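A.B. asks: First the structure, then my questions, so here it is.
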Amino acid sequence: MIDLRSDTVTKPSDAMRKAMANADVGDDVFGDDPTVNRLQERAAEIFEKEAALWVPTGCMGNEIAVKVHTKPGQEIVTEDRGHILNYELGAAALISGVTIRAIKSGDGSGHLTWDEIKPSLKIDPPYYQAATALICLENTHNFAGGSVMNADACTEVCEKAHALGLPVHMDGARIFNASVALDESVAELTRNCASVMVTLSKGLGAPAGSILLGTKDFIKEAHIWRKRLGGGMRQVGILAAAGLIALEEGPKRLAEDHENAKRLAEGLAEIPGIKIDVEKVVTNIVIFDISGTGKPSAEIVGALGLLGVLAVGFGDQIRMVTHLDISIADIDSALDVINRAVLGDSSFEV
Ligand SMILES: *Cc1c(COP(=O)(O)O)cnc(C)c1O
């Protein structure tokens, strides 16, 4: 199987498995796990933030950030296709009691400029309106096709938000992909963000875990909410050991995933009925439009699956994600299979 559904399908390397087997562990609810502590310290150093907290999932990291930055009855701002709005099951409403105001990015990149955000903000509103408490950004932007936001663009939003007393949270699930694509460090890309969530279990290759970063005060509150949400774990150094390797070694090979995604996009652009803007594929996510094939995405995804290629379809679009278990040869085989699936030649044997 060539599994292009997501970079979450990556399996831990032999080095990770060895590190997990040999990890020095303790009870992390007592703060006693040396491997978790080391991972948190390293993450804080790399991001140049005061403190960091290991969390089991990216969703929990994002939702803890929303909780700590807001009060019930307030409002947060996200981009229209943002993860926090669309793929976290209404958790911000459930856990934090906030509403979400969605803003469409004007250029389709998924990244909001200050001019796009500003008209939606309610700072010190009349008593009958919900006040804005938080702006959420996402880099790379998942459902805008792995698009990147550079450090200057992020700094502008953060500085203007801070001038109004508003914190900015960065959903940086794939911030290392952005860092590699832009050649700017993750510290630069999140310099002025009040909090950052980064996922270790996607392209970086760990089996589980994300990191939440911010000030010492923010992390102190986040620690309490992690426990309340059932995320206080015990000998979790077993996972943090893999997380440390993901953090130190994972970013070094992401450029390869980006090259493979570009190669995939170039090949897709040649297939009749498929529409894709190759220029816009700058990280490891490839989203393409199949409306020109006359077939629904479910039918194409189903045919691909029978031919050994896994992808995710939604509406007229299909998403494919490259990762460390995908080689150049896999990309070329996948393109061959996609060609046949689109042309309807299901006699092809894998
Ligand atoms: C995957 C993802 C998350 C959530 O991470 P999980 O570990 O799957 O909970 C959050 N934001 C973005 C942009 C993501 O792609």
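Each reported figure results from applying straightforward, stated rules to the coordinates on display, with no laboratory input. For clarity, every value in this text was computed on a predicted model and none was experimentally measured. Backbone-built Cβ (ideal geometry, glycine too); neighbour counts: all protein chains shown.
A.B. asks: Name the residues of the range 71-108 whose amide N is less than 19 Å from a point 7 angstrom out from the Cα of TYR127 along the C-beta direction?
C.D. replies: Of the residues in the range 71-108, 72-75 have backbone N under 19 Å from the label point off TYR127.
A.B. asks: So what's the angle, to the nearest 10 degrees on a 0 to 90 scale, between helix 216-228 and the longest Cα principal axis of the chain?
C.D. replies: Orientation of helix 216-228: about 70 degrees from the principal axis.
A.B. asks: To continue, here is another question. Below 17 Å, Cα to Cα, which lysines can LYS295 reach? Residues fewer than 8 away in the same chain don't count.
C.D. replies: LYS295 reaches LYS275.
A.B. asks: I'd like the orientation of helix 34-47 relative to the chain: the angle between its Cα long axis and the longest Cα principal axis, in ° from 0 to 90, rounded to 10.
C.D. replies: 80
A.B. asks: In straight Cα distance, which lysines are under 28 Å from LYS118, not counting same-chain residues fewer than 8 positions off?
C.D. replies: Partners found: LYS49, LYS67, LYS71, LYS104, LYS160, LYS280.
A.B. asks: Then there is this: Just subtract the alpha-carbon distance of SER327 and ALA255 from 0.36 nm times their residue separation and send over the number in nm, one decimal.
C.D. replies: Length gained between SER327 and ALA255: 24.7 nm.
A.B. asks: Another question about this same structure. First check a/c for the range 20-94, with a ≥ b ≥ c the square roots of the eigenvalues of its C-alpha gyration tensor; if it is under 1.5, answer rounded, and if not, answer prolate when a/b is larger than b/c or oblate otherwise.
C.D. replies: prolate
A.B. asks: How far is helix 58-69 tilted, in degrees, relative to the longest principal axis of the Cα atoms in the chain, given as a value from 0 to 90 rounded to the nearest 10?
C.D. replies: Approximately 30 degrees, to the nearest ten.
A.B. asks: Sticking with the crude label model, points 7 Å out along Cα→Cβ, report the distance from ARG234 to THR215 in nm, one decimal please.
C.D. replies: 3.6
A.B. asks: Give me the distance in nm between label points sitting 7 Å out from Cα along the Cα-to-Cβ direction at ASP115 and LYS227, one decimal.
C.D. replies: So the two model labels end up 4.8 nm from each other.
A.B. asks: Expressed in nm to one decimal, what extension gain is obtained for the pair ALA298 and HIS162 from 0.36 nm per residue of sequence separation less their Cα-Cα distance?
C.D. replies: Gain on stretching ALA298 to HIS162: 44.5 nm.
A.B. asks: Using a basic spin-label model with each label point 7 Å from the Cα along Cα→Cβ, how many nm lie between GLU41 and PHE314?
C.D. replies: 4.0
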